[in-house]
Amino acid sequence: MGVVWEFRKAFLDAAKYRESKPATADEGKEILVKAMDRKIPVRISASRSFDIETALQLADEFGLVLQIEEAEESHRYVKELAERKVTVALRPSFRTADLYLPEGGELRFDTFARLTRAGVPVALLHGDLDARESMLAMASFAVKYGASREDALRSVT
């Protein structure tokens with residue numbers, strides 16, 4: 001909640017800054033104004049469904065072009081992501097031990113295929129934060145679980 005509050009505060013301050021048109025530019029606020037004017041996308045790391053839902057709400061609230069990174073539970077929001085033209089940088093997990101998360105989340109092996117079939121632009125990230133799994137492995141697993149070879153190759157190049 002603290003991160004969301006800081007996010008909102010930063011964008012609300014930038015909105016006030018834009019309205020006041022100060023003589024001295026504030027580089028940080030200028031960047032946020034560009035984001036609110038949809039000139040640049042905002043990248044948010046959101047793995048779990050609650051975080052993805054919050055990112056979508058914030059994008060709506062401030063009129064942002066959104067890119068979601070991590071997005072492990074994005075299979076729950078395929079339709080919304082496609083309708084809003086959200087770009088996803090997916091960090092999939094293909095380890096069976098990770099399918100059911102302690103906090104009640106669920107990972108799916110076919111998330112990449114579901115997103116690409118719906119028209120969501122997706123890039124694949126390393127599947128493991130310590131990069132034990134190669135990009136080739138990510139693309140191979142994506143094909144194994146329903147993605148086309150072309151989509152998988154495009155997602156890692």
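The values are calculated or read from the model by the stated rules, or taken from the named source; none is laboratory data. Source: prediction; values computed, not measured. Cβ placement follows ideal geometry from the backbone for every residue including glycine, while neighbour counts extend to all protein chains displayed. Heavy atoms of the whole protein, side chains included, go into the accessibility calculation; ligands, DNA and RNA do not. Shrake-Rupley method; radii C 1.70, N 1.55, O 1.52, S 1.80 Å.
Close amide H contacts of GLY146 (hydrogens built in the peptide plane, cut-off under 5 Å, sequence separation of 5 or more or a different chain): none are found. For GLU106, nonlocal amide neighbours, meaning residues 5 or more places apart or on other chains whose placed amide H falls under 5 Å from its own, are LEU101. Lysine pairs in the chain whose alpha-carbon atoms fall under 21 angstrom of each other, counting only those eight or more residues apart or on distinct chains, come to 13. Other residues within the sphere of radius under 12 Å centred on the Cβ of GLY119, judged by their own Cβ, net out at +3 (K and R +1, D and E -1). Using every pair of separate Cα atoms, the Kirkwood estimate puts the hydrodynamic radius of the chain at 16.7 angstrom. For the chain, the solvent-accessible area of protein heavy atoms averages 59 Å² per residue (probe radius 1.4 Å; ligands and nucleic acids excluded).
Near GLU69, the amide H atoms lying under 5 Å from its own belong to ILE44, SER45, ALA46, ALA89; only residues 5 or more places off or on other chains count, and H is placed 1.01 Å from N. Computed over the chain, relative contact order equals 16 percent, with contacts defined as Cα pairs under 8 Å that lie 6+ residues apart. Only Cα pairs under 8 Å and 6+ residues apart enter the sum, and on that basis the relative contact order of the range 1-76 stands at 29 percent.
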